[in-house]
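Below you'll find the structure, written out as structure tokens, and then a few comments.
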Amino acid sequence: MAINSATTPWVLEADGIQLQFGQRRILSDVYIRVQTGQVVGLMGRNGCGKSTLLQTIFGGRHVPDASVRVNGRYAVPAYQQPGLLNYLPQTLMLPAAITVAEAAQLLRIDGHAALAAFPELQAQLHQRIGELSGGTSRLVQVLLLLHADTRFSLLDEPFSGVMPVHIETLSDVIQQVKVRKGLLITDHRFTELLPLCDVVYMLHNGRLEELPDPLQGLRDRGYLAS
Ligand SMILES: Nc1ncnc2c1ncn2[C@@H]1O[C@H](COP(=O)(O)OP(=O)(O)OP(=O)(O)O)[C@@H](O)[C@H]1O
């Protein structure tokens, strides 16, 4: 795609997403937009369909009529476009038996550089993914995906199990990475996620709406204390 990414942002859009499980409508004609240089937050209650939406955008879940476009061009399934996007699912993404260094190699990234903001993690490079603690495993996976050379990263609960002091450092890394990437993040740690977001969407009863005033919007809907 002939686009000068240094000056022109890349735009990832998805729309026409309709999904129903049995009688229950999960996603109703959803439209979402992310561009490089942005952190976009996706908020909503347990079970409202946030993970399903990320899977659909990534291309891991086939939804008839769903359109995903990059700079206006149809890109379904998006994961097949080289260097376009990566995706952190809620479950373990990497094989448990390989080491962190091997995982970095698989993703074609420099493991030392990916973990640079966390000097204490350098010692874990030669440990198997399955032998890391839950929070460390999560943190390592998020750092690898953020460092990978893709235009976009879709992160499903990157803060899950990560201790607060590490969330602070991870938030700094996210701010640095967004200079070159677009990030779509869902997490229930609203107070940590909100300050990072340039745009916030709320998914409720299958409908996705952009919140013009995210803090007030979350308070009004009972997600944050007033
Ligand atoms: N394959 C499936 N068959 C039937 N129902 C499903 C299937 N996959 C997901 N669901 C249901 O769809 C709904 C949305 O699930 P999803 O995991 O996308 O929610 P979520 O917003 O990410 O939730 P959480 O915040 O708890 O992670 C849930 O009620 C879930 O039980």
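The values are calculated or read from the model by the stated rules, or taken from the named source; none is laboratory data. Bear in mind that the values here come from a model prediction, so they are computed numbers and not experimental data. With ideal geometry, Cβ positions are generated from the backbone for all residues, glycine too; neighbour counts draw on all protein chains shown. When the accessible area is computed, the model is the full protein with side chains, heavy atoms only, and any ligands, DNA or RNA have been set aside. Shrake-Rupley method; radii C 1.70, N 1.55, O 1.52, S 1.80 Å.
What the table below lists for this structure:
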quantity	calculated
Highest-fluctuation residue, Leu106, Leu27, Leu19 considered, GNM on the chain with Cα pairs under 10 Å	Leu106
Shape call, segment 14-220: gyration tensor on alpha carbons, a/c limit 1.5	prolate
Percent accessible area from carbon and sulfur atoms, segment 1-117, protein chains only, probe 1.4 Å	49
Helix 134-147 axis, angle to the chain major axis (alpha carbon atoms, nearest 10°)	80
Label-point separation in nm, Asp172 to Arg189, each point 7 Å along Cα→Cβ	1.5
The chain: calculated mean residue ellipticity at 222 nm from DSSP helix runs of at least 4, using -39500 (n - 2.57)	-7000 deg cm²/dmol
Net length gained if the chain between Ala96 and Asn205 were fully extended (0.36 nm per residue, minus Cα distance)	35.7 nm
Rounded to whole Hz, the Karplus (6.51, -1.76, 1.60) HN-Hα couplings of segment 174-184, x for glycine and proline	4, 4, 6, 5, 5, 4, 10, 9, x, 10, 10
Mean separation of Cα contacts under 8 Å (6+ apart) over length of segment 14-220, as relative contact order %	30
Cα-based shape type of segment 1-101, given that a ≥ b ≥ c are square roots of the gyration tensor eigenvalues and the cut on a/c is 1.5	oblate
Percent antiparallel among DSSP beta bridges (both partners in segment 14-220, rounded to 5)	45
Percent carbon-and-sulfur accessible area, segment 162-206, ignoring ligands, DNA and RNA, probe 1.4 Å	55
Residues of the chain: accessible area per residue with a 1.4 Å probe, Å²	48
Net +/- balance of residues flanking Gln38 in space, Cβ distance below 10 Å, scoring K and R +1, D and E -1	+2
